[in-house]
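To start, the structure itself, in structure tokens.
The values are calculated or read from the model by the stated rules, or taken from the named source; none is laboratory data. Computed from a predicted structure; not experimentally measured. Please note: Cβ atoms are built from the backbone with ideal geometry, for glycine as well, and neighbour counts cover all protein chains shown. For the accessible areas, the whole protein counts, side chains as well, though only heavy atoms, and no ligand, DNA or RNA atoms are used. Shrake-Rupley method; radii C 1.70, N 1.55, O 1.52, S 1.80 Å.
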Amino acid sequence: MARVPYLNRDDLPEADREIFDRLIEERGQPVGNIFRTLANTPNLLRRFLALGGELRNGTALDPKLRELALMTVGRLTEAEYEFTHHWNIARRVGVSREQLEHLADFEASPLFNEQERLVMRYATEATRNVKVTDATFEAVCKFLDTRRLMELVQNVAFYNMVVRVLVPLGVEVEPGVKKL
């Protein structure tokens, strides 16, 4: 059970209700619990949505690599909300169900290519240790240009922040949302 209230549109001050209106218009579905939780700070929710949207939709990083990194963050932090929602996004951008089912053994699994392994290794090190080894960083730099590298770094950092909101606050997966 969530530790803070899930707000609805009408719970927000009039000037902030457009946040929910825009979310529904852009996503074509009810407002998710993560946003209903973050609506307790509408000024920060606006900035969260802007940065998160840009990281997901405005980068040159291969979406499959991005989602493998984010699924790694969700798995390692046991963030069920993140893991479930990004499972479905990962499936839409080409990550196979079999790959998702074998994330925990990505280092040895033949289901992943070397670039995928390196991105997940980067996400693992950054999530567990914050510090990333020189070997991992240099290996990632061999196939990502500086822009894509920075997009990977910022995606992993942002979603580490996201799971550190979701897990302590107990944000629940919405009823009816299932892994595809």
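Could you do me a favour and compute the accessible area per residue for the chain, 1.4 Å probe, result in Å²?
Ligands and nucleic acids excluded, the result is 53 Å² per residue.
Calculate the spin-label point distance for R128 paired with V167, positioning each point 7 Å from the Cα along the beta-carbon direction, and give it in nanometres.
1.3 nm
Relative contact order for the chain: what percent, with Cα pairs under 8 Å and sequence separation of 6 or more?
32 percent
How many angstrom separate the Cα center of the range 1-55 from the Cα center of the range 102-152?
31 Å
In debye, nearest 20, what is the charge dipole magnitude of the range 52-133 about its Cα centre with +1 on Lys and Arg Cβ and -1 on Asp and Glu Cβ, if you could check?
160 debye
In debye to the nearest 20, how big a dipole does the chain give about its Cα centre with +1 on each Lys and Arg Cβ and -1 on each Asp and Glu Cβ?
Roughly 60 debye, rounded to the nearest 20.
So for the pair L51, T84, with labels modelled 7 Å out along Cα→Cβ, what separation do we get in nm?
Computed distance between label sites L51 and T84 equals 2.5 nm.
Name the GluC sites (Glu not before Pro) in the range 35-140 that are in a loop by DSSP and that have at most 14 other C-beta atoms within 10 Å, would you?
E78, E107
Any chance you could run the full-extension gain for E18 through A104? It's 0.36 nm times the residue separation minus the Cα-Cα distance, nm to one decimal. It would help to have the intermediate numbers written out before the result.
Working: separation 86, 0.36 × 86 = 30.96 nm, distance 4.01 nm.
Value of the extension gain: 27.0 nm.
Identify which of the listed values of semi-axes √(5λ) of the Cα gyration tensor in Å was calculated from the structure shown: (i) 28, 19, 14; (ii) 30, 17, 15; (iii) 40, 21, 13.
It is the value labelled (ii).
So how far apart, in nm, are the two label points at R117 and D145 if each is 7 Å from Cα heading toward Cβ?
For the pair R117/D145, the computed spacing is 2.7 nm.
With unit charges on the beta carbons (Lys and Arg positive, Asp and Glu negative) and the dipole taken about the Cα centre of the range 44-180, which residue among S96, Y122, L166 sits farthest to the positive side?
L166
Per residue of the chain, what 222 nm ellipticity follows from adding -39500 (n - 2.57) for every DSSP H run with n ≥ 4, rounded to the nearest 500?
-19500 deg cm²/dmol
If you place +1 on the Cβ of every Lys and Arg, -1 on the Cβ of every Asp and Glu, and leave all else neutral, what size is the dipole of the range 1-71 about its Cα centre, to the nearest 20 Debye?
280 debye
Which entries in K64/K142; K64/K178; K131/K179 show an alpha-carbon gap greater than 23 Å? Show your work: numbers first, answer last.
On the way: K64/K142 18 Å; K64/K178 20 Å; K131/K179 31 Å.
Pairs exceeding 23 Å: K131/K179.
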